[in-house]
Each structure stands twice: as structure tokens, then as C-alpha cells.
Amino acid sequence: MPVTVLIGAQWGDEGKGRVVDWLARDAQVVARYNGGDNAGHSITIGSRVIRLHLVPSGIFYKDVACLLAAGMVINPKNLLREMDEIQTAGYDVSPARLTISHNAHLVLPTHVALDAALEKFRGGDAIGTTQRGIGVAYSAKMLRTNLRAADLREPEHFADALHKQVTHANQQLAHEYRAPALNADALSAEYYAYAKRLASYIGDTSPIVHAVLARGGHIVAEGAQGVLLDIDMGTYPYVTSSNTGVAGALSGLGIGPQPITRIVGVLKAFNTRVGAGPFPTELFDATGAHLRGTGANPWDEYGSTTGRPRRTGWLDLVALKYATRNNGVTELVITKMDVLSGFGALKLCTGYRYKGELLADFPADAAVLQQVEPVYESAPGWAADVSGARKRSDLPAAARAYIARIEEFTGVPASLISVGPERDQIIIG
Ligand code: GDP
Ligand code: IMO
Ligand code: MG
């Protein structure tokens, strides 16, 4: 069982953290390979819900090594805050458990300030980013001006370099965006302390990955966001700034495709999106509100990073097929089947009509996708509470048929069905 790559097959928040937590039971390594603390991966253990933003979702198993691999952008301040929370909850986050790739890039306070300023400047065309500095940090990476995790190993040098970055960004903030300046002296002192704390976590993750592979061990590569937010395959410009799909796992972990035996695409039983951008099956009515929930349950559809209400809609099989096909997904995991209980009838989007024509494929072009009209087929709903189901045969016939239709349309079998956020609320096969 060498490498399992797990990706979000929609617009994020599919339940990836919950599924990685399940797959990590028999893994030696869990490695995050893209994004930063724009991600929010919630894991429920008993009565406790823990939201991870940067730390891999394997951290709750003491024998699993967790890697923050190359390809990620890491905010040192927020990483330390998250590590402290996990430690307070009783889990080890020492360097024995957690390694940060020296090649991972950093999200600096300048990036966060510029992300906010840029979003404000965009006005009505704002992307609706999480304002965590993600796009600005990846831009700096591509420009080859950014600081990397490796720089944290030399706190004095890092503090000096950050001082220069802040001084430079202040010119941009003032002249381009009329935004307030950052305090270079204070930030460089603050981040000196973060570098000191994190220095012993920085290392080369590649030997760890390849040693586990040489022993025939199991590595779970944990994607953040979802395929439809991928910088190359997603609904540009309403995307994030990384490769969220299987390609990101290869460059992040430093592996070829050969050791990958499973590509798991996680999807929610309906669709959600947070932030701007096209969403053909979006519902603006009581059904959409029902799918979102009121916020009373921890799993209701409110962003785990920003708290924003998520947009909700019927399951879009056209977009799902594009996501699974373009990533060679070998198995599906369907989450939140319990949330669909109680609907008289359900709808599945099986096609798009654009200017009167039926489209053969998913148009990633946001301008086209914005104008498509979804073509639906209806499916019978089910009244029963399915949260106690532990085998497919425990599910009502209509729920089994709904799953079978997803499998048939995508041509990919579902290996797990999740019927609740708790660890044991899962159906295998
Ligand atoms: P991620 O970003 O893909 O890890 O997903 P999030 O954690 O942002 O959002 C998924 C939410 O749904 C979390 O609150 C999970 O605890 C919850 N969740 C996951 N699977 C299920 C499920 O099968 N049923 C219910 N009710 N909640 C679930
Ligand atoms: P997880 O891993 C859902 C969205 C933002 C915005 C766009 C760009 O929890 O599934 P960014 O801050 O990345 O520049 O924002 O991407 N977005 C997510 N939506 N889940 C996420 O992560 C997301 N990470 C970013 O809302 O639309
Ligand atoms: Mg999330």
C-alpha cells in the first residue's frame, strides 16, 4: 500500500480531514502537499471537534509522522498557534512527529496585508479569498523573492530578511493601495522568536518519504482545497494559487507516479462553494438554506477558516466527472449522506446547456460556466436517518440508488460512504 493521494473533488470542504483521519489509521506518514492555512480540515473525535489549517490530519495517531511538504505555503505564526492548540488538546507536536520541508515557502505578514489590500482594490471583482496571504505568497515564490522554511533555521538572518521584505511591501501598500504600513522593527522581532521555535522542525522530507516507500509502508498525501479551485484546472480566476490535484502531490512529496496505488476523490453528497465564482447548481431558496444548516451543528456549512456561510446546491455530476477524470481518481469517498435525509426528492445535474446547446464537457472557463443552465435528473429522496448505517445494505434503497448513480456517471466506485462526522460513522465498500 505505498502512496494514497487524497484530493477534494469539488470546491473544497468535502470532508478531506475526516477521511484522512480514517485512512491514517494504517499509515506511517501523512503529508500535506499544497496550500496553507486557507484550508480548514475538521476532525471529530468523540465530543471534540478540532480544526486543522496547516498540520496534517494524521496528527491524532501517535505513530504517524506528519510532513508539511514542499508545495505548501506556511504562516509561521499561525502554525505555532495551531501546534499549541493541538498540544493543549493532549497530542504530541514535537519534532519527532512533525517535519516541515525546507523547501516549503512561508506566508509572511506582508503577504497577508497585501492579500487584504488587493481584495479591497478588486471591489466587485473580488475573488473572496480567505485573506490568509496565499496568492501573494505563491506569487513571491514564482518571482523567486520569497523566504522559505529553510530560512527559519537562521533566525537572525531571517529577521533581517523579513525586515527588508516589510520595508519593500510598505511602499507597495502605501502607493498602490493606500493601505497602512506595517511595523518592520516589531515584526522582525516577533518573527525572530517564531524562527527560534520552529528551527528544529525544518528538514528534508524526501528521505523520510523514500525510506517509508523502501520498507513498503503507507503514505497518505493530503490535498487541500479541491480540483475545481486548482490554479490550472479550476474555474480561473476564482481559484486558489496552488495545484490542488494529484500533480501537486508528486512535486510536493518528490515522487514519481509509480508508488501511487490509490487516488481518492472526496466529494460531498451535494455541492458547496465559499467565495466568488460560478456555481451552476447553486440554490438560493429554502432547499439551499436547509443544506447549509443554521450553524447549530458543527458540520453545518459555514467556513472553518473564515466562518463565512457557504453557498450550497445540488450535486453537480458534470463538474465531478471532470475532477475525477483529470486526476485519474480510482475511488470515491462520499461524505454527508446523512444531511440529505428528509428531502422528498433530490436533483442531480447531469448536463449543462449553453446558448441552447448541450455541452459535452465541463467548461472550466468561468465566463462560460457562469452562463450555463444545469440539466437535472431527479432522484427519489429518503426519510430515514442514515447516521447509524454501517453497511450499504443498512441504507434505504433510494440512498443506495443515489450512490450508484454517482458511481455510474463518473465510472469510479465509492470505497467509503460517510454518514456523520464521527470516526465510526462510516460505511466501508
Ligand atoms: P475539508 O476541508 O475537506 O476537510 O472539510 P471541512 O472540515 O472544511 O468541512 C467538512 C465538515 O463536514 C466538517 O465539519 C466535518 O466534521 C463534517 N463532516 C465530514 N463528513 C461528514 C458526514 O458524513 N456527515 C456530517 N454530518 N458531517 C460530516
Ligand atoms: P479546504 O482545504 C473551500 C477558496 C476561497 C476563495 C478561493 C481563493 O478546507 O477545502 P485563497 O485564500 O486560497 O486565495 O482563496 O479559494 N478556498 C477554499 N474554499 N475550502 C478551502 O480549503 C479553501 N481554500 C481556499 O474561499 O474562493
Ligand atoms: Mg475545509
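The values are calculated or read from the model by the stated rules, or taken from the named source; none is laboratory data. Please read all numbers here as calculations on a predicted model, not as lab measurements. Every residue, glycine as well, gets a Cβ built from its backbone with ideal geometry; the counts of neighbours run over all protein chains shown.
Taking the conditions (1) more than 16 Å from ligand 3 (Cβ to nearest atom); (2) at pLDDT 95 or above; (3) among the small types (Gly, Ala, Ser) in turn, Gly128 satisfies each one other than (1). Annotation: of all residues in segment 1-29 being β-branched (Val, Ile, Thr) and within 13 Å of ligand 1 (Cβ to nearest atom), the one that is surrounded by the most Cβ atoms within 10 Å (Cβ to Cβ) is Ile7. Number of residues in segment 173-184 that are of a type outside the set (Ser, Thr, Tyr) and surrounded by 15 or more Cβ atoms within 10 Å (Cβ to Cβ): the value is 4.
Of all the listed residues (Ala323, Ala345, Ala383), the sole one being in contact (Cβ under 8 Å) with a residue 24 or more places away in the chain and buried (at least 17 other Cβ atoms within 10 Å of the Cβ) is Ala323.
Counting only residues that are among the β-branched types (Val, Ile, Thr) and away from ligand 1 (no atom under 16 Å from the Cβ), which one in segment 325-352 is farthest from Lys391 (Cα to Cα)?
Ranking the candidates gives Thr350 first.
Checked against (1) touching a residue at least 12 places away in the same chain (Cβ under 8 Å); (2) part of a helix (DSSP H, G or I); (3) among the hydrophobic types (A, V, I, L, M, F, W, C), Ile127 passes all but condition (2). If the condition is being loosely packed, with under 14 Cβ neighbours inside 10 Å, modelled with pLDDT of 95 or more and among the hydrophobic types (A, V, I, L, M, F, W, C), then segment 269-304 contributes Phe284, Ala286.
I need the full set of residues from segment 1-33 which are small (Gly, Ala, Ser) and in a strand (DSSP E or B), in order please. Quick ask: steps written out before the conclusion?
Within segment 1-33, the subset small (Gly, Ala, Ser) is 8-9, 12, 15, 17, 24, 27, 31.
Result: Gly8, Ala31.
Quick check on segment 185-242: of everything there that is assigned to a helix (DSSP H, G or I) and of a type in the set (S, T, N, Q), which residue is surrounded by the most Cβ atoms within 10 Å (Cβ to Cβ)? Write out each step before concluding.
Quick first cut of segment 185-242, residues assigned to a helix (DSSP H, G or I) only: 185-201, 205-214, 227-229.
Among the residues that remain, those that are also of a type in the set (S, T, N, Q) are: 188, 200, 205-206.
Values: Ser188: 20, Ser200: 12, Thr205: 25, Ser206: 17.
Looking at residues that are assigned to a helix (DSSP H, G or I) and of a type in the set (S, T, N, Q), I get Thr205.
For segment 316-327: of the residues being hydrophobic (A, V, I, L, M, F, W, C) and more than 15 Å from ligand 2 (Cβ to nearest atom), which is nearest to Ser42 (Cα to Cα)?
Restricting attention to segment 316-327, the residues satisfying the condition of being hydrophobic (A, V, I, L, M, F, W, C) are 317-320, 323.
Still in the list and also more than 15 Å from ligand 2 (Cβ to nearest atom): 317-318, 320.
Working: Leu317: 25, Val318: 27, Leu320: 22 Å.
Across segment 316-327, the extreme among qualifying residues is Leu320.
So, Gly58, is that one under 19 Å from Ile426 (Cα atoms), more than 12 Å from ligand 2 (Cβ to nearest atom) and either charged (D, E, K, R) or in contact (Cβ under 8 Å) with a residue 12 or more places away in the chain (or both) or not?
The answer is yes for Gly58.
Give the number of residues within segment 305-315 that are within 14 Å of ligand 2 (Cβ to nearest atom) and crowded, with 18+ Cβ neighbours inside 10 Å.
To start, the set of residues in segment 305-315 that are within 14 Å of ligand 2 (Cβ to nearest atom) comprises 305-312.
If we keep only those that are crowded, with 18+ Cβ neighbours inside 10 Å as well, we get 305, 310-312.
Number satisfying all stated conditions: 4.
Reported count of residues in segment 271-306, each being under 21 Å from Gly245 (Cα atoms), among the hydrophobic types (A, V, I, L, M, F, W, C) and within 15 Å of ligand 3 (Cβ to nearest atom), is 1.
Selection over segment 34-83 of residues that are within 19 Å of Ser94 (Cβ to Cβ), within 12 Å of ligand 1 (Cβ to nearest atom) and assigned to a strand (DSSP E or B) gives a count of 2. Restricting to segment 18-53, and then to whatever is out of contact with any Lys or Arg (no Cβ under 7 Å at 6 or more places or on another chain), within 11 Å of ligand 2 (Cβ to nearest atom) and of a type in the set (Gly, Ala, Ser), can you tell me which residue is nearest to Ser242 (Cα to Cα)? Across segment 18-53, the extreme among qualifying residues is Gly35. Filtering segment 386-429 to residues that are part of a helix (DSSP H, G or I) and of a type in the set (Val, Ile, Thr) leaves Ile403, Ile406, Thr410. Here Ala383 meets the list (1) of a type outside the set (Asp, Glu); (2) assigned to a loop (DSSP other than H, G, I, E, B); (3) closer than 21 Å to Lys16 by Cβ almost entirely, failing just condition (3).
Scanning segment 302-332 for residues that are farther than 19 Å from Glu373 by Cα and either of a type in the set (Asp, Glu) or in a strand (DSSP E or B) (or both) returns Tyr302, Pro309, Glu331, Leu332.
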